[in-house]
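Structure, as structure tokens:
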Amino acid sequence: MTANSVHLHKVYARLSWLAAYFLNHYCRWFIVYAFAATAVFIFHQHFIFGINASPSLPYTLFLVHKGAPVERGQLVAFRWNGAGPYPEGVTFVKIAAGVPGDRVVRDGRAFYVNGVFVGIAKTHTGLGRPLEVSAPGVLPPGHYYVAATHPDSLDSRYRMTGWIPQERIIGRAYAIF
């Protein structure tokens, strides 16, 4: 036997012990691992996590219930349309300030939904780019007016966000922290 073959034999012996250990471990714990994988799969069918990377809301982490109906005043998660500084499909979380049938009124740059003040639209972004305000009117079926508590929130006050159609709604969001 050469030195190389002795070394390889020792390595193989160590690896076969390790393989036997893991095989024994997985056989003993198979039911637990299968249950955990099934639970994760089922959870992901109905829920996702969302992260708020901006100061638009006072929360950072959200649990999103996919497909859950959204009512006025609740947090809503939706996919961004791709306008402005964010790529298409990014998850946004805002407050559903208006639901289908609600009236959006603009008085100068101030916005109201059903007579309730929701914010003032800024003229420019923090980087100096001009911002166009969105149009007033009655929210049509399947559209939502979204807002946030922060004055710099990119929400339905601005044309680039606009009214959010139902097909972009992911579901109701719940603040975790």
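Values for this structure:
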| quantity | calculated |
| --- | --- |
| Within segment 113-129, considering residues that are in a strand (DSSP E or B) and among the β-branched types (Val, Ile, Thr), the one farthest from residue 95 (Cα to Cα) | 120 |
| Looking only at segment 117-160, and only at residues there that are of a type in the set (Val, Ile, Thr) and more than 19 Å from residue 107 (Cβ to Cβ), the one that is surrounded by the fewest Cβ atoms within 10 Å (Cβ to Cβ) | 149 |
| Hey, residue 72 within 30 Å of residue 43 (Cα to Cα), over 18 Å from the mean Cα position of the chain (by Cα), modelled with pLDDT of 95 or more and not polar (S, T, N, Q) or not | yes |
| Which numbered condition residue 99 fails, given (1) at pLDDT below 95; (2) touching an Asp or Glu at 6+ places or on another chain (Cβ under 8 Å) | (1) |
| Residue check, residue 135 of a type outside the set (Asp, Glu) and under 21 Å from residue 57 (Cβ atoms) | no |
| Scope segment 110-137; condition under 13 Å from residue 97 (Cα atoms) and among the hydrophobic types (A, V, I, L, M, F, W, C); matching residues | 111, 113, 116, 117, 118 |
| Residue that is nearest to residue 87 (Cα to Cα), among those in segment 161-173 that are surrounded by 17 or more Cβ atoms within 10 Å (Cβ to Cβ) and not charged (D, E, K, R) | 161 |
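The values are calculated or read from the model by the stated rules, or taken from the named source; none is laboratory data. What you are looking at is a predicted structure, and each value in this text was computed from that prediction instead of being measured. Backbone-built Cβ (ideal geometry, glycine too); neighbour counts: all protein chains shown.
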